[in-house]
Amino acid sequence: MCALLGLGPRLEEVRLQGNVAPLGALDLPSLRVFELCTSSLGRAGLASLVAARWPALERLVLWFGDCEYGGGD
């Protein structure tokens, strides 16, 4: 995932589904769409989303499943 997000300056859309690796710092200046479908985001992942820098964001979609399924907290 880190290699993918290293493309940050050029990324316009990101769609992630399934178990999510640590997101880390999200500095994505061109990002317009971010979609995340997971049941295993956890507190650190949520903190990454809160601190994200994506000034061009037009659409944010977050789907959370049952934490019993994916082990999220």
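The values are calculated or read from the model by the stated rules, or taken from the named source; none is laboratory data. Remember, it's a predicted structure, so these values are computed and weren't measured experimentally. Don't worry about glycine lacking a Cβ; one is built from the backbone with ideal geometry, like all the others, and counts go over all protein chains shown. When the accessible area is computed, the model is the full protein with side chains, heavy atoms only, and any ligands, DNA or RNA have been set aside. Shrake-Rupley method; radii C 1.70, N 1.55, O 1.52, S 1.80 Å.
At a glance:
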quantity: Scaled radius of gyration (Cα, divided by 2.2 N^0.38 Å) that the stretch 11-50 gives; calculated: 1.13
quantity: Rounded accessible area of V14 (nearest 10 Å², 1.4 Å probe); calculated: 10 Å²
quantity: Spacing of the two label points (7 Å from each Cα toward its C-beta) at V50 and D27, in nm; calculated: 2.1 nm
quantity: Net +/- balance of residues flanking L11 in space, Cβ distance below 12 Å, scoring K and R +1, D and E -1; calculated: 0
quantity: Separation in nanometres of the label points that stand 7 Å from Cα toward Cβ, at E12 and L57; calculated: 1.9 nm
